[in-house]
Amino acid sequence: MDYITTKQAAAQWGISDRRVRLLCAQGKIPGVVQRGRNYQIPVDAPKPVDGRMKQDRSVRYLKWDNDVIGVIDGTNTETFTSSRYNEVVALYTNGADKWTQEQFHEFLSERLVNRDRRDIERILFRCGLSHYDVLQIAEITRGIHPKDLLWIAHSKDETLEATMTAVFDSVFHQCIDLVGDSLDTPEGYNIKRYGVYEGRYGIYKQRISPLTTDVESEVAVYLLAERLGIPCCPAYRVDKDTVFSAFLYDFSKEYIVHFRRLFEGARSDNEYQNLISVRPQYRDDIARMILLDFVTRQDDRHLSNIAIKMTATGESFYPLYDNGRSLFYEDTEEMVREAINHPIQYATTFGYAGTYWDYVKEMATDGVPMARLLDLSITKDEIADILNTAGFTGYRFDGALAWIVKAIEMIRILDHV
């Protein structure tokens, strides 16, 4: 039997490579053969029917603030009236006049709560839903997200201010921040909520579980990045089980766009090359991110966890954020010990294929000047102080210290420092 790759199937069916891989993993495509991380699809396999799309006969409007930029018809196809309304909108639309059902669904999926969250059942209960459904959640929350002013209106006359108030009152929590101010927050569910800390706006994150050290990891990665000279969003320990991650943009005139929106069509398996192909001007920033993620054993970097900041004068690479799932945050003592003894085999993956160590080696081969991108003079004592400050103890302190020291030394050797 002849087979095609997921990229070839994506091009043939007019959907994303990521969607094809998900369909393969869910067993929705008959005859698929999995080899390692890759899937082989029978050349004559039919495109699976997309059961996610529901017919909604009402016409709705995609707005930026209170301006209509597109019309959503009853089949959830989006026709833009102003696809280049501003730079942020242009990045979402890539100048296209229309979105298919699939494209509209992917746009919503990036804005809404992730189905893999540990507290997803409680979130669905708050929304009055019995199961996860992107379109229903978008209908309830209107796709509102604090990173920009895009949202879904039911009529041309609806305003963002009135809709936001209604949505927040009926769905989202109203929280009290540490200085006593009442805050409506779009996350506000359990693990994360938006709020203010020492005059900065950002996200409060509660510990994932009593057995994890994600709170300590978030703080440690920020302190380590600061010492290494890598831009990173500040993270502060608020209490025993809460960390505050600050935002570094002005909501009134700046916007954040995830890297996922910068890609059109299929991507290669080499995520490093993917990133620098769409934004070559950020080659050094991308290299710094990969180096830091290798050093901290990051386990949650993806295209919605990397962003650019849009301003009136242009765009820039946004400082790294969401770093809690790193430094053995949920690993057992035995696993940590094995990782320290075999760091190459236990380096975490990035993208579809390859570990961070693979990409670090590739960067070295390409002549990336690592010693110029981060300060490799950091000492073991300095690393220990950072971990102590962040609250690490026991085997996770020992493991994180040993891993960081080894990772820094491995980079030094590659870079001939």
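The values are calculated or read from the model by the stated rules, or taken from the named source; none is laboratory data. Computed from a prediction, not measured in an experiment: that's the story for all the values here. Glycine gets a Cβ as well: all are built from the backbone with ideal geometry, and neighbour counts include every protein chain shown. Side chains are part of the model used for accessible areas, which takes the heavy atoms of the whole protein and leaves out ligands, DNA and RNA. Shrake-Rupley method; radii C 1.70, N 1.55, O 1.52, S 1.80 Å.
Based on this model, can you work out whether G367 counts as modelled with pLDDT under 95, open to solvent by 10 Å² or more (accessible area, probe 1.4 Å) and at positive phi? Talk me through it step by step, then tell me what you get.
On the way: modelled with pLDDT under 95: yes; open to solvent by 10 Å² or more (accessible area, probe 1.4 Å): yes; at positive phi: yes.
In short, yes.
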> Name the residues in segment 239-256 that are of a type in the set (A, V, I, L, M) and open to solvent by less than 40 Å² (accessible area, probe 1.4 Å), would you?
Replying inline: V243, A246, I256
> Yes or no: R396 under 21 Å from V215 (Cα atoms) and not in a loop (DSSP other than H, G, I, E, B)?
Replying inline: yes
> Any idea which residue in segment 94-109 is nearest to V134 (Cα to Cα), counting only those that are open to solvent by less than 50 Å² (accessible area, probe 1.4 Å) and part of a loop (DSSP other than H, G, I, E, B)?
Replying inline: A96
> Within segment 363-383, is there a residue that is touching a strand residue (DSSP E or B) at 6+ places or on another chain (Cβ under 9 Å) and without any contact (Cβ under 8 Å) to a residue 12 or more places away in the chain?
Replying inline: no
>> With touching a strand residue (DSSP E or B) at 6+ places or on another chain (Cβ under 6 Å) and at pLDDT below 75 as the only criterion, which of K147, K98 stands out?
In response: K147
> What's the number of the condition R35 fails, among (1) open to solvent by less than 70 Å² (accessible area, probe 1.4 Å); (2) at pLDDT below 85?
Replying inline: (1)
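Quick one: how many residues across segment 367-388 are over 30 Å from Y282 (Cβ atoms), of a type outside the set (D, E, K, R) and either in a loop (DSSP other than H, G, I, E, B) or touching a helix residue (DSSP H, G or I) at 6+ places or on another chain (Cβ under 6 Å) (or both)?
If we filter segment 367-388 for residues that are over 30 Å from Y282 (Cβ atoms), which is where we start, we get 380-381, 384-385, 388.
Right, trim to of a type outside the set (D, E, K, R) and you get 384, 388.
Within this subset, residues satisfying the condition of being either in a loop (DSSP other than H, G, I, E, B) or touching a helix residue (DSSP H, G or I) at 6+ places or on another chain (Cβ under 6 Å) (or both) are 384.
Count: 1.
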>> Can you find, within segment 301-344, the residue that is nearest to V243 (Cα to Cα) among those that are in contact with a Lys or Arg (Cβ under 7 Å, 6 or more places away or on another chain) and open to solvent by 40 Å² or more (accessible area, probe 1.4 Å)?
In response: S316
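Looking only at segment 208-224, count how many residues are in a loop (DSSP other than H, G, I, E, B) and either among the polar types (S, T, N, Q) or surrounded by 24 or more Cβ atoms within 10 Å (Cβ to Cβ) (or both). Lay out the reasoning, then the answer.
Residues of segment 208-224 in a loop (DSSP other than H, G, I, E, B): 208-213.
Okay, now just the ones that are also either among the polar types (S, T, N, Q) or surrounded by 24 or more Cβ atoms within 10 Å (Cβ to Cβ) (or both), so 209, 212-213.
Selection size over segment 208-224: 3.
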>> Taking the conditions exactly as written (open to solvent by 40 Å² or more (accessible area, probe 1.4 Å) and touching a strand residue (DSSP E or B) at 6+ places or on another chain (Cβ under 6 Å)), does R283 satisfy them or not?
In response: no
>> Checking the structure you have, find out if any residue of segment 257-274 is surrounded by fewer than 17 Cβ atoms within 10 Å (Cβ to Cβ) and closer than 28 Å to A312 by Cβ.
In response: yes
